[in-house]
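Report on one structure; see the data block that follows.
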Amino acid sequence: MPRAETLPQIACIALGSNLGDRRAAIENASAKIATLPGTTLHALSTLIETAPVGPPGQGDFLNAAASIETTLTPRALLDALLRIEQSLGRVRGRRWGPRTIDLDLILFGDRVIDEPGLTVPHPMFRERLFVLEPLAEIKPGMTDPVTGRTVRQLLDDRLVACRSNEP
């Protein structure tokens with residue numbers, strides 16, 4: 001049985017797919033997340049299409065974000081997300097390569113965790129528009145416990161940084 005928190009926590013998950021029926025993969029993953037023990041799916045963002053980050057020659061991604069309330073521990077939630085990926089055909093190959101489904105634990109309440117195999121907040125989410133845009137749609141006021149900035153502020157910061165790098 002998965003380990004449980006004493007109080008429910010809000011967690012945010014990024015979902016992405018660039019192989020097969022991308023929409024079905026995200027819908028199936030979110031449905032499976034909603035059935036995890038002690039877990040309620042609060043919101044799923046709209047899907048956005050984005051260019052891949054990683055090796056060339058892969059198709060575009062569909063990305064979304066989900067907000068859940070869960071009594072699972074961060075480690076138990078991550079383990080459950082990895083099992084969902086595997087159940088939906090995820091085969092771990094080269095880093096940042098194409099995948100049927102990718103589920104990343106982005107935020108877990110106000111926790112900062114740095115353990116082998118588990119880093120929360122996700123170490124790269126602040127730089128990734130494909131995470132920040134859907135997350136800002138469903139949890140704009142959620143705070144990054146490392147920077148103290150809300151998701152909306154992080155998205156605005158990233159958009160300004162992207163604009164300043166345009167020719």
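The values are calculated or read from the model by the stated rules, or taken from the named source; none is laboratory data. Note that the coordinates shown come from a computational prediction; the quantities given were computed from them, not determined experimentally. Reconstructed Cβ throughout: ideal geometry from the backbone, glycine too, with neighbour counts over all protein chains shown.
Residues in segment 154-167 that are more than 16 Å from the chain's Cα centre (by Cα) and assigned to a helix (DSSP H, G or I): D156, D157, R158, L159, V160, A161, C162, R163, S164. Please verify whether segment 140-157 includes one or more residues that are modelled with pLDDT of 95 or more, in contact with a Gly (Cβ under 9 Å, 6 or more places away or on another chain) and of a type in the set (K, R). Within segment 140-157, one or more residues are modelled with pLDDT of 95 or more, in contact with a Gly (Cβ under 9 Å, 6 or more places away or on another chain) and of a type in the set (K, R).
Filter segment 101-119 for residues that are surrounded by 16 or more Cβ atoms within 10 Å (Cβ to Cβ) and in contact with a helix residue (DSSP H, G or I) (Cβ under 6 Å, 6 or more places away or on another chain); which is modelled with the lowest pLDDT? Outline the logic, then answer.
Here is the first cut: in segment 101-119, the residues surrounded by 16 or more Cβ atoms within 10 Å (Cβ to Cβ) are 101-109.
Now narrow it down to the ones that are in contact with a helix residue (DSSP H, G or I) (Cβ under 6 Å, 6 or more places away or on another chain): 101, 103, 105-106, 108.
Values: I101: 90, L103: 95, L105: 97, I106: 98, F108: 97.
The qualifying residue modelled with the lowest pLDDT is I101.
In segment 11-32, how many residues are within 21 Å of D110 (Cα to Cα) and surrounded by fewer than 16 Cβ atoms within 10 Å (Cβ to Cβ)? Adding up the residues that qualify gives 0.
Quick check on segment 1-20: of everything there that is within 22 Å of E133 (Cβ to Cβ) and part of a loop (DSSP other than H, G, I, E, B), which residue is modelled with the highest pLDDT? Before you say what the answer is, go through the steps one by one.
Initial filter on segment 1-20 (within 22 Å of E133 (Cβ to Cβ)): 10-19.
If we keep only those that are part of a loop (DSSP other than H, G, I, E, B) as well, we get 18-19.
Numbers: N18: 89, L19: 85.
Filtering segment 1-20 for residues that are within 22 Å of E133 (Cβ to Cβ) and part of a loop (DSSP other than H, G, I, E, B), the one modelled with the highest pLDDT comes out as N18.
Going by the conditions given, is G54 modelled with pLDDT under 95, closer than 19 Å to R22 by Cβ, small (G, A, S) and touching a Phe, Trp or Tyr at 6+ places or on another chain (Cβ under 7 Å)? Lay out the reasoning, then the answer.
Values: modelled with pLDDT under 95: yes; closer than 19 Å to R22 by Cβ: yes; small (G, A, S): yes; touching a Phe, Trp or Tyr at 6+ places or on another chain (Cβ under 7 Å): yes.
Yes; evaluated as a whole, the condition is true for this residue.
Scanning segment 33-80 for residues that are in contact with a helix residue (DSSP H, G or I) (Cβ under 7 Å, 6 or more places away or on another chain), surrounded by 14 or more Cβ atoms within 10 Å (Cβ to Cβ) and not in a strand (DSSP E or B) returns I33, L36, S45, L47.
Yes/no per residue for (1) in contact with a Leu (Cβ under 7 Å, 6 or more places away or on another chain); (2) under 20 Å from T73 (Cβ atoms); (3) aromatic (F, W, Y):
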{"site": "D110", "(1), (2), (3)": "no, yes, no"}
{"site": "D114", "(1), (2), (3)": "no, yes, no"}
{"site": "M124", "(1), (2), (3)": "no, no, no"}
{"site": "F130", "(1), (2), (3)": "no, no, yes"}
{"site": "P134", "(1), (2), (3)": "no, no, no"}
{"site": "M142", "(1), (2), (3)": "yes, yes, no"}
{"site": "T150", "(1), (2), (3)": "no, no, no"}
{"site": "L159", "(1), (2), (3)": "no, no, no"}
